[in-house]
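Since the structure comes first, as structure tokens, the remarks are kept for the end.
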């Protein structure tokens, strides 16, 4: 069974949004490779993000909230960082990211009906997010959006 088929099957199980995000994490890993996967829900009014799901909840706890210092930049769209210095400049918690040997990041925005819902943040070793991998990641926007809509419907549940 392919990762896409497993993702499709995950949508029918009751353990949501955990099942969908878990299957989507596997799909993204199979398609482009990743070390860390975290889904961030955006609260425009509060200028914060809430971690809805993470494949490393001990390092990046589900439900944790962080301020967004520059909301216009956060909503700007897809962002690629492929080096250590970029991680240091972009992430206030860069020590934790670098400690697990992640020196590149791909942020994929989720927009539905012109409403910015949040961002999927994928992290991996330095230089990982090549133009080809970014293009393949963009092909995952539909399952990504499905996960965020499921999260809106069911809410996050700490694992």
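Computed values, structure above
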item	result
The range 55-72, subset out of contact with any strand residue (DSSP E or B) (no Cβ under 8 Å at 6 or more places or on another chain) and part of a loop (DSSP other than H, G, I, E, B), residue surrounded by the most Cβ atoms within 10 Å (Cβ to Cβ)	57
Count of the range 1-21 residues which are touching a helix residue (DSSP H, G or I) at 6+ places or on another chain (Cβ under 7 Å) and touching a residue at least 12 places away in the same chain (Cβ under 8 Å)	10
Test: residue in the range 123-146 that is under 21 Å from residue 29 (Cβ atoms), within 14 Å of the chain's Cα centre (by Cα), without any contact (Cβ under 8 Å) to a residue 24 or more places away in the chain and outside any loop (DSSP other than H, G, I, E, B)	yes
Residue in the range 44-54 that is nearest to residue 148 (Cα to Cα), counting only those that are surrounded by fewer than 18 Cβ atoms within 10 Å (Cβ to Cβ) and touching a helix residue (DSSP H, G or I) at 6+ places or on another chain (Cβ under 9 Å)	44
Yes/no for residue 75 being surrounded by fewer than 17 Cβ atoms within 10 Å (Cβ to Cβ), touching a residue at least 40 places away in the same chain (Cβ under 8 Å) and out of contact with any helix residue (DSSP H, G or I) (no Cβ under 8 Å at 6 or more places or on another chain)	yes
Residue list for the range 107-122, filter: in contact with a helix residue (DSSP H, G or I) (Cβ under 9 Å, 6 or more places away or on another chain), touching a residue at least 40 places away in the same chain (Cβ under 8 Å) and either surrounded by 18 or more Cβ atoms within 10 Å (Cβ to Cβ) or in a loop (DSSP other than H, G, I, E, B) (or both)	117, 118, 119, 120, 122
Single residue of 97, 41 found to be buried (at least 20 other Cβ atoms within 10 Å of the Cβ), within 17 Å of the chain's Cα centre (by Cα) and assigned to a strand (DSSP E or B)	41
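Every number in this text was worked out from the coordinates using simple rules, so none of it is lab data. Computed from a prediction, not measured in an experiment: that's the story for all the values here. Note that we place each Cβ from the backbone using ideal geometry, even for glycine, and neighbour counts take in every protein chain shown.
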